[in-house]
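The values are calculated or read from the model by the stated rules, or taken from the named source; none is laboratory data. What you see is a predicted model, and the numbers here were worked out from it, not measured in a lab. So basically every Cβ, Gly included, is an ideal-geometry build from the backbone, and we count neighbours across all protein chains shown. Note: areas computed on protein heavy atoms with side chains; ligands, DNA, RNA excluded. Shrake-Rupley method; radii C 1.70, N 1.55, O 1.52, S 1.80 Å.
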Amino acid sequence: MIDIKDPQAIEEKSMAIIKEELGELFCPPEEEAVIKRVVHATADLEFARLITIAPGAVKKAVSSLKKGANVVTDVSMVKAGVNKRILSFLGAEVKTYIGDQDVALAAKEKGITRSMMAMRKAVRDKDNRIFLIGNAPTALFELINLLRAGQAELDLIIGTPVGFVGAREAKEELAKSKFPYITVKGRKGGSPVAAAALNAILYLIQGQWS
């Protein structure tokens, strides 16, 4: 019987259960870490078969984050779930632009969503190299379009918007791209998934310090 007042014991027991129930994943260890962290965050074993990761994407993100790359999220809920302590140690920060007044005004003027305008603003800062889209399909579509137009250069897109309208299509578009990505098939996803995927990468880096 574990001590339910001990967070570390709870996490260790949870991971042991996940390992037992998932079995062998047959993927690189860094990708396995991402999958298990998402399963842990959602208590949904189905994510093990829904998550797709571009070859080398996790390793590229590790290298980028070690150089102090900033992280951008589409909404504050994703930002809230990111491990800021490790990011701070790396000399990086996590940013969200959707609430900025200039973003709201420009979006209204151009007749686009604030999520789209936030992506346009975010890519102007060349230190913003890791993007987490956990909520807004329009943000993911816009980010892909900016990359294809040569208006952005990123080291990882974690694209996991959730919902019935546009979410599946946006993620399919990301999976067809040549950009480094982590995404989820179908309608499932959400802010906790995006944050958990990044935290798995941050924990990999933390483990390298030990």
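Under 6 Å by Cβ, and 6 or more places apart or on different chains, what pairs join a residue from the stretch 82-110 that is without any contact (Cβ under 8 Å) to a residue 60 or more places away in the chain with one that is charged (D, E, K, R) and open to solvent by 40 Å² or more (accessible area, probe 1.4 Å)?
Cβ pairs passing all conditions: VAL94/LYS79; THR96/LYS79; TYR97/LYS121; ILE98/ARG114; VAL103/ARG114; VAL103/LYS121; ALA104/ARG114; ALA107/ARG114.
Could you give every pair whose Cβ atoms fall below 7 Å, whose first residue belongs to the stretch 113-136 and is closer than 25 Å to LYS185 by Cα and open to solvent by 20 Å² or more (accessible area, probe 1.4 Å), and whose second residue is assigned to a strand (DSSP E or B) and modelled with pLDDT of 95 or more, counting only separations of at least 6 or pairs across chains?
ARG129/ASN70
Suppose we filter the stretch 55-78 for residues that are assigned to a helix (DSSP H, G or I) and either in contact (Cβ under 8 Å) with a residue 40 or more places away in the chain or within 15 Å of LEU154 (Cα to Cα) (or both); how many remain?
12
Does THR52 satisfy being touching a Ser or Thr at 6+ places or on another chain (Cβ under 6 Å), free of Cβ contacts under 8 Å to residues at least 40 places away in the same chain and either open to solvent by 50 Å² or more (accessible area, probe 1.4 Å) or among the hydroxyl-bearing types (Ser, Thr, Tyr) (or both)?
Considered against the rule, which asks whether it is touching a Ser or Thr at 6+ places or on another chain (Cβ under 6 Å), free of Cβ contacts under 8 Å to residues at least 40 places away in the same chain and either open to solvent by 50 Å² or more (accessible area, probe 1.4 Å) or among the hydroxyl-bearing types (Ser, Thr, Tyr) (or both), THR52 comes out as no.
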